[in-house]
Amino acid sequence: MGSSPVTCADAIAAAIAIQGPIPIAHFMAAANRHYYATRDPLGAAGDFTTAPEISQMFGELIGLWLADLWLRAGKPDVYYVELGPGRGTLAADALRAMRSAELFPPVHLVETSPSLREQQQQRCPGATFHDDVDGLPGDRPLLIVANEFFDALPVRQLVRAASGWRERHVTWANPLFVPVASGPPLDDILPDALREAPPGSIIETSPASAAIARRIGHRLATQGGAALIVDYGYEGPAIGDTLQAVRAHEYANPFEEPGERDLTAHVDFATLAEAARAEGALSFGPIGQGEWLERMGIWSRAERLMAGAPERREEIAGAVERLTGTEQMGTLFKTLALAAPSWPQPAGFEA
Ligand code: SAH
């Protein structure tokens with residue numbers, strides 16, 4: 001039999017031919033599964049650059065934040081957990097900083113991409129891998145980190161059509177994928193304040209993200225520990241379509257070439273915090289990434305690095321600016337902390 005390679009787009013088009021338009025969340029999940037499984041998307045040669053790839057200071061300060069909590073909690077045996085660790089850079093930087101505080105936790109990484117798992121294994125030898133948070137061990141407090149993880153999880157979108165609110169789906173109009181309002185009316189499930197929005201309005205929710213936040217909240221409340229969630233986003237719920245695609249550091253059409261572009265949506269921090277609190281965890285923030293890094297002492301860390309490598313002075317100052325500047329990652333990116341009620345108050349979130 002002749003075997004022409006079946007692309008991710010072919011597979012999605014075939015699914016639509018059989019079952020009709022598919023919800024945006026299914027389209028996004030299928031596209032990202034393929035995308036992350038088939039490449040290293042990070043860095044100058046890839047599609048986007050994340051905070052830990054900009055500077056070692058990011059992971060180090062997170063490691064020190066965790067070590068400080070652990071010290072004040074009385075140095076219990078803990079696990080380091082990271083969700084979607086990318087190249088493993090943040091984990092390596094954080095673990096090095098934790099070692100300086102004599103914290104040597106076993107490492108548990110939640111990652112679905114086989115190729116990224118390989119890189120993570122190299123930078124964090126001995127790490128244990130999990131497909132999802134349910135596989136994490138239950139016998140110790142968890143120190144959990146998630147940077148740019150939740151933005152990659154699928155969102156559902158509701159769209160206000162002329163006839164009322166419907167779920168936004170994706171259909172195949174050869175050669176294009178196009179969004180369409182489809183399915184039964186959903187007006188009854190919406191709060192009054194949102195129901196009367198003008199036609200074309202979109203409401204986004206991420207049930208997958210809320211479910212993971214609930215599970216993390218449950219683990220923290222029952223096992224102890226804390227979590228730091230960093231991502232770009234807002235405090236919702238709000239009207240708006242934030243689904244976007246990035247390829248080679250440029251914005252692209254999210255409905256073209258599924259599986260070849262990074263699909264993300266802005267993270268609704270209010271919903272994540274509420275989900276974790278519903279399971280008994282406490283939440284702190286969110287506050288801007290820039291403010292949090294400054295409170296954690298990024299400038300003194302930068303000074304120390306510069307003193308050790310004066311020739312890198314400009315590069316290091318540039319990295320601080322990228323991570324903290326209000327026009328850069330400082331305010332769009334936010335940090336949210338979750339903690340067990342029995343654990344100390346996390347640093348950096350004081351009013
Ligand atoms: N945290 C890293 C990488 C961010 S990219 C950094 O800051 O550089 C998103 C990461 O989440 C990748 O490692 C990707 O493979 C992983 N990922 C995406 N969807 C996932 C899912 N459903 N379950 C587990 N990991 C996922």
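Of note:
- Accessible surface area normalised per residue over region 13-151 is 38 Å², counting heavy atoms of protein chains with a 1.4 Å rolling probe.
- Springs join every pair of Cα atoms under 10 Å in this Gaussian network model of the chain, and among L95, L136, L109 the largest mean-square fluctuation is at L136.
- Put the Cα centre of region 2-80 next to the Cα centre of region 284-315 and the gap is 26 Å.
- Taking all protein chains together and a 1.4 Å probe, the residues E291, E279 rank E291, E279 from largest to smallest accessible area.
- Contact order, relative form, for region 1-120: 27 percent (alpha carbon pairs under 8 Å, 6 or more residues apart, mean separation divided by residue count).
- Sorting I189, I12 on solvent-accessible area from highest to lowest, probe radius 1.4 Å, gives I189, I12.
- R0 of 22 Å, Cβ-Cβ distance Q328-R39: FRET efficiency to nearest 0.05: 0.30
- E274 - accessible surface, heavy atoms, 1.4 Å probe, Å² rounded to 10: 120 Å²
- Tensor-based shape of the chain (alpha-carbon gyration tensor, a/c under 1.5 rounded, otherwise prolate or oblate): prolate
- Normalised by the number of residues in region 196-351, the mean separation of alpha-carbon contacts (under 8 Å, six or more apart) gives a relative contact order of 33 percent.
- Cα gyration tensor shape for region 79-147, rounded if a/c is under 1.5, else prolate or oblate: oblate
- Between E321 and I189, the simple spin-label model (points 7 angstrom out along Cα→Cβ) gives 4.7 nm.
- Three-way shape label, region 216-298, alpha-carbon gyration tensor, a/c 1.5: prolate
- Summarising the label geometry, the points placed 7 Å from Cα in the beta-carbon direction at R96 and E196 lie 5.8 nm from one another.
- Of V178, V107, V155, the one that fluctuates the most in a GNM where the chain has Cα springs shorter than 10 Å: V178
- Residue-wise HN-Hα coupling along region 239-253, computed from phi with Karplus coefficients 6.51, -1.76, 1.60 (Hz; x: Gly, Pro): 7, x, 9, 10, 4, 9, 10, 10, 9, 6, 6, 10, 5, 9, 6
- Bridge orientation summary for the chain: considering DSSP beta bridges with both residues in this region, about 65 percent are antiparallel.
- Estimated inter-spin distance, A238 and E118, nm [label 7 Å along Cα→Cβ]: 4.0 nm
- Relative contact order [Cα under 8 Å, 6+ residues apart], region 135-274, whole percent: 31 percent
The values are calculated or read from the model by the stated rules, or taken from the named source; none is laboratory data. Just so we're clear, the structure is a prediction, and the values are computed from it rather than from any experiment. No Cβ is skipped: glycine too gets one built from the backbone with ideal geometry, and neighbour counts run over all protein chains shown. To get the accessible areas, we keep the full protein, side chains included, count just its heavy atoms, and leave off ligands, DNA and RNA. Shrake-Rupley method; radii C 1.70, N 1.55, O 1.52, S 1.80 Å.
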